[in-house]
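Working notes, structure below.
The values are calculated or read from the model by the stated rules, or taken from the named source; none is laboratory data. Predicted model, so just to flag it, every value in this text is computed and none were measured. Here Cβ is always computed from backbone atoms with ideal geometry, including for glycine, and neighbour counts include all displayed protein chains. Ligands, DNA and RNA are stripped out before the accessible areas are found, and what is left, the full protein with its side chains, is counted by its heavy atoms. Shrake-Rupley method; radii C 1.70, N 1.55, O 1.52, S 1.80 Å.
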Amino acid sequence: MVMAQPLFNVMAQRVTAEEMEKIYRAFEVASDKHATQVRKSGEPYIIHPIAVARIVGEELGLGANPVCAAFLHDVVEDTDTTIQQIEEWFGKDVVFLVRVVTKTKKEKYELGKQVDNFKQMLDSVKYDIRALLIKLADRLHNMRTLSSMRPGKQMKIAGETDFFYAPLANRLGLYRVKVELENLSFRYRCPREYVRLTEMLKADEEKNRPVVDHFIARINEALAANGIKALIEAEYRQPFNILRKMAKTGRDFHHIENRHFVRIVFGDTQGASEKGMALRIYAILTDIFKEKPGSVINYIDSPKENGYQSLHVQLLAENGKWEEVHM
């Protein structure tokens, strides 16, 4: 109950009292059915459904029925509970979601066990994308706890994640989920390279922190002077992103550009459109900093394939290096 309480607190703020009762019941059923089961790590199995439900409710922001399905997603597969019982207790919507994320057991698979499971998930999209989001949450928690598995299993799951789940998250516009899945996969597929790049990124961040902090402070000062409130933060690219950038450019770590970028997130557009506010901030910053010729990328008018929209520009910082800014 303690581990699930943060989820209950979040959901109580956006669902009805009746829906909250349904969520509590799903948690109780999952806790009861998984009571005697443990994970490979030796931890109580219920930790996994709770974690998946928290990703679904807290990180992905889905509603009551997907949270219920997340609590129940392994009950049919791993206990004596039937899909008919789930429908009787929680209704058709919850049982649909549970059915999609439950691996179908067959005597003979049409295209192979894993391919058939992928097909089952993708076929559900024409009905409801929530099932895919629950499955992504399930995979994300499994990847976060993959260290408890034997090496061969780690490699198999990491390979599936890189091949199928990370691209799926990207297509659904879940950039942070995609990046985390890519890097967790990279961690287990290429552990030494992952550790090497992680250590280099950490050293680079510590070395450049004073300059980056000063650059951000100047942006904050400029925006505040123009009455614009915004969250401004530096974000370092993850090891897998760096590896991909190195492969694409043919350069080593120390010679690739933009190992980090500065993100400007604004809420109040002061009556303007989001594009208008981004362009206003761009104008303010280019009055202060020198702009790198040809560096502007307009993802607002031409979004990426996953729906991402932003305005990118590179500005010259006081250390003589170009800083990438996203608005």
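At 1.4 Å probe size, put 24, 45 in order of accessible surface, largest to smallest.
Numbers: 24 70, 45 35 Å².
Of 24, 45, the descending order of accessible area is 24, 45.
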- [ ] Would you grab the residues whose amide H sits under 5 Å from the one on residue 310? Only those 5+ places off in sequence or on another chain, please, with H modelled 1.01 Å from N.
- [x] 299, 300
Task: Accessible area, probe 1.4 Å, largest first, for residues 36, 249 - done: 36, 249
TODO: Report the local net charge at residue 6: Lys and Arg +1, Asp and Glu -1, summed over other residues whose C-beta lies under 15 Å from its C-beta.
DONE: 0
- [ ] On a 0 to 90° scale, report how tilted helix 92-101 is relative to the longest principal axis of the chain, with both axes built from alpha carbons and the result rounded to the nearest 10.
- [x] 70
Open item on the list: Rounded to the nearest 10 Å², what accessible area does residue 54 have for a 1.4 Å probe in the complete protein model?
Closed with: 80
Task: Accessible-area ranking of 207, 290, largest first, probe 1.4 Å - done: 207, 290
- [ ] Within segment 211-283, list the GluC sites (Glu not before Pro) lying in a DSSP loop whose Cβ has at most 14 other Cβ atoms in a 10 Å radius.
- [x] 257
- [ ] Heads up, I need the accessible area for residue 31: 1.4 angstrom probe, whole protein in place, Å², nearest 10.
- [x] 40
Task: Choice from 234, 158, 51 with maximal GNM fluctuation in the chain (Cα, 10 Å cutoff) - done: 234
Open item on the list: Going by Cα centres, segment 156-176 and segment 9-31 are how many Å apart?
Closed with: 29
Open item on the list: Just to confirm the number: angle between the C-alpha axis of helix 130-144 and the first principal axis of the chain, 0 to 90 degrees, nearest 10?
Closed with: 80
Task: Heavy atoms of residue 172 accessible to a 1.4 Å probe, total area in Å² rounded to 10 - done: 50
Task: Helix-derived mean residue ellipticity, 222 nm - over the chain, DSSP H n ≥ 4, -39500 (n - 2.57), to 500 - done: -17500 deg cm²/dmol
Task: Among 265, 56, 75, residue whose mean-square fluctuation peaks in a GNM of the chain (springs only between Cα atoms under 10 Å) - done: 265
Open item on the list: Compute the angle between helix 151-160 and the longest alpha-carbon principal axis of the chain, please, reported from 0 to 90 degrees and rounded to the nearest 10.
Closed with: 70
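For segment 178-319, which semi-axes, largest first and in whole Å, follow from the square roots of 5 times the eigenvalues of its Cα gyration tensor?
Semi-axis lengths for segment 178-319 are 30, 18, 14 Å.
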TODO: Report the charge-dipole magnitude of the chain in Debye, nearest 20, computed about the Cα centre from +1 at each Lys and Arg Cβ and -1 at each Asp and Glu Cβ.
DONE: 1060
